[in-house]
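A.B. asks: Can you keep this structure in mind? I'll have questions shortly.
The values are calculated or read from the model by the stated rules, or taken from the named source; none is laboratory data. It should be emphasised that the depicted structure is a prediction, and the values quoted were computed from it without experimental measurement. Here the Cβ is made from the backbone with ideal geometry for all residues, glycine too, and neighbour counts use every protein chain on show. Quick note on the areas: whole protein, heavy atoms, side chains included, nothing else; ligands and nucleic acids left out. Shrake-Rupley method; radii C 1.70, N 1.55, O 1.52, S 1.80 Å.
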Amino acid sequence: MIEITTNPIDRNKVIIAAETSEAGAMNAFIGTVRSKTSEKKVIQLEYECYEPMAIKEIEKIINVANSRWPILKVAISHRIGTLKIGEDAVVVAVSTAHRKESFEACQFIIDSLKQTVPIWKKEIYEGGEEWISAHP
Amino acid sequence: MKLKIKTFGIARDIMGGKEVEIEIGGNTVSLLRSSLLKKYPELENLRSLFIAVNQNYSEDTTQLVESDEIALIPPVSGG
């Protein structure tokens with residue numbers, strides 16, 4: 001399952017989508033909106049996405065992960081739009097026969113997602129706003 | 001050739017529209033890049049700037065046609 005949604009992410013739905021009776025392990029990563037960045041007090045985040053390309057890039061990441069680890073099922077949901085403090089921005093779930101592979105594959109997928117998938121977040125903090133990672 | 005460019009994130013703020021048109025005197029991604037930097041010098045300050053052609057990251061040598069779906073990809077920050 002790959003999903004990009006403006007609605008709150010249903011964690012259970014993502015986990016259920018990665019379940020299979022052959023799995024002995026499932027690793028799930030949940031990325032959430034934190035209240036502070038350095039000394040700035042964050043009010044909300046605004047995510048935007050180039051959706052058709054984002055889906056394709058996520059598929060590429062899953063293909064690479066499948067070639068490196070014996071993954072049984074993967075499910076990914078990424079939220080876009082306006083997110084408040086504490087809300088889930090992304091949920092990744094990976095099931096494998098043994099736990100080591102599920103940890104490694106899940107970390108690879110979220111790390112890669114942050115590097116290549118065309119999704120952008122703008123931080124709205126007290127007194128200003130900023131596109132994250134835009135400048136060196 | 002005249003190209004339509006989709007813009008996102010900070011690139012949209014710099015270029016002032018969800019989609020901008022630009023005329024270039026050739027057909028490569030590298031020429032498109034240099035034309036965009038000339039027209040919008042603030043793009044130079046970004047940590048990275050990729051150009052996607054038909055929803056795939058392109059190379060500098062990728063050749064363009066007017067019907068391509070072209071997007072400017074400033075530094076991504078998903079997750």
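A.B. asks: To one decimal place, what Kirkwood hydrodynamic radius in Å is obtained for the range B:2-73 from all pairs of distinct Cα atoms?
C.D. replies: 12.0
A.B. asks: Which ³J(HN,Hα) values, rounded to whole Hz and listed in residue order, are derived for the range A:48-57 from phi using the Karplus coefficients 6.51, -1.76 and 1.60 in 6.51 cos²θ - 1.76 cosθ + 1.60 with θ = phi - 60°, glycine and proline given as x?
C.D. replies: 10, 8, 9, 4, x, 6, 4, 4, 4, 5
A.B. asks: Quick check: the angle from helix A:99-116's long axis to the longest principal axis of chain A, C-alpha only, nearest 10 degrees?
C.D. replies: Approximately 40 degrees, to the nearest ten.
A.B. asks: Okay, moving on. Show the residues, 5+ positions off or on another chain, whose built amide H is closer than 5 Å to the amide H of A:E87.
C.D. replies: Residues meeting the criterion, in which the H sits 1.01 Å from N, are A:V33.
A.B. asks: Pairs to check: A:K84/B:K39; A:K60/B:K39; A:K84/B:K38; A:K60/B:K38; A:K36/A:K114. Give those whose C-alpha atoms are more than 31 Å from each other in this structure.
C.D. replies: From A:K84/B:K39; A:K60/B:K39; A:K84/B:K38; A:K60/B:K38; A:K36/A:K114, over 31 Å: A:K84/B:K39; A:K60/B:K39; A:K84/B:K38; A:K60/B:K38.
A.B. asks: Sticking with this one: Roughly how many percent of the accessible protein surface of the range B:2-73 is carbon and sulfur, given a 1.4 Å probe and a whole-percent answer?
C.D. replies: Working: 1700 of 3780 Å².
After summing per-atom areas, the C and S share lands at 45 percent.
A.B. asks: Considering only protein heavy atoms, what per residue accessible area in square angstrom results for the protein assembly as shown with a 1.4 angstrom probe?
C.D. replies: 50
A.B. asks: Then there's this: For chain B, what is the calculated [θ] at 222 nm in deg cm²/dmol (nearest 500), taking -39500 (n - 2.57) for each run of four or more DSSP H residues and dividing by its residue count?
C.D. replies: Calculated from helices alone, the mean residue ellipticity at 222 nm is -6500 deg cm²/dmol.
A.B. asks: Given the C-alpha centroids of the range A:85-136 and the range B:29-56, what is the distance between them in whole angstrom?
C.D. replies: Going from one Cα centre to the other spans 24 Å.
A.B. asks: Output the antiparallel fraction of DSSP beta bridges having both residues in chain A, as a percent to the nearest 5.
C.D. replies: 90
A.B. asks: For the range A:2-131, give the magnitude of the charge dipole about the Cα centre (Cβ charges: +1 Lys/Arg, -1 Asp/Glu; no others), in debye to the nearest 20.
C.D. replies: Using only the charged Cβ atoms, the result is roughly 260 debye.
A.B. asks: Then there is this: Quick one: angle between helix B:29-39 and the longest Cα principal axis of chain B, in degrees between 0 and 90, rounded to 10, please.
C.D. replies: It works out to around 60 degrees.
A.B. asks: Right, next: Ordering B:S48, A:S77 from largest to smallest accessible area (1.4 angstrom probe), what's the sequence?
C.D. replies: Order by accessible area, largest first: B:S48, A:S77.
A.B. asks: A further question on this structure: Along its principal axes, what span do the Cα atoms of the protein assembly as shown show, with the longest given first and each in whole Å?
C.D. replies: Sorted largest first, the three principal extents are 58, 42, 27 Å.
A.B. asks: Using a 1.4 Å probe on the protein heavy atoms only, what accessible surface does B:K4 show? Give it in Å² to the nearest 10.
C.D. replies: Surface accessible to solvent at B:K4 totals approximately 110 Å².
A.B. asks: Now a separate question. For chain A, build the charge dipole from Cβ charges (+1 Lys, Arg; -1 Asp, Glu) around the Cα centre, then report which of A:N66, A:G128, A:I80 sits farthest towards its positive end.
C.D. replies: Result: A:N66.
A.B. asks: Taking H placed 1.01 Å from N in the peptide plane, check which residues at least 5 places from A:I2 or on another chain put their amide H under 5 Å from its amide H.
C.D. replies: So A:I2 has HN proximity to A:I76.
A.B. asks: What net charge is computed for the residues neighbouring B:E19, neighbours being all others with C-beta under 11 Å from the C-beta of B:E19, Lys and Arg scored +1, Asp and Glu -1?
C.D. replies: +2
A.B. asks: Moving on. Mind listing the phi-derived Karplus ³J(HN,Hα) values for the range B:43-50, rounded to whole Hz, using 6.51, -1.76 and 1.60 with θ = phi - 60°, and x for any glycine or proline?
C.D. replies: 4, 4, 7, 6, 5, 7, 8, 9
A.B. asks: Still on this structure, I have one more. Using θ = phi - 60° and the Karplus relation 6.51 cos²θ - 1.76 cosθ + 1.60, list the HN-Hα couplings for the range A:119-129 in order, rounded to whole Hz, with x at every Gly or Pro.
C.D. replies: Coupling constants for the range A:119-129: 10, 10, 10, 10, 8, 9, 10, 4, x, x, 8 Hz.
A.B. asks: So how do A:F108, A:F103, B:F50, A:F29 rank on accessible area, 1.4 Å probe, biggest first, that is with the largest at the start?
C.D. replies: The ranking, largest first, comes out as A:F103, B:F50, A:F29, A:F108.
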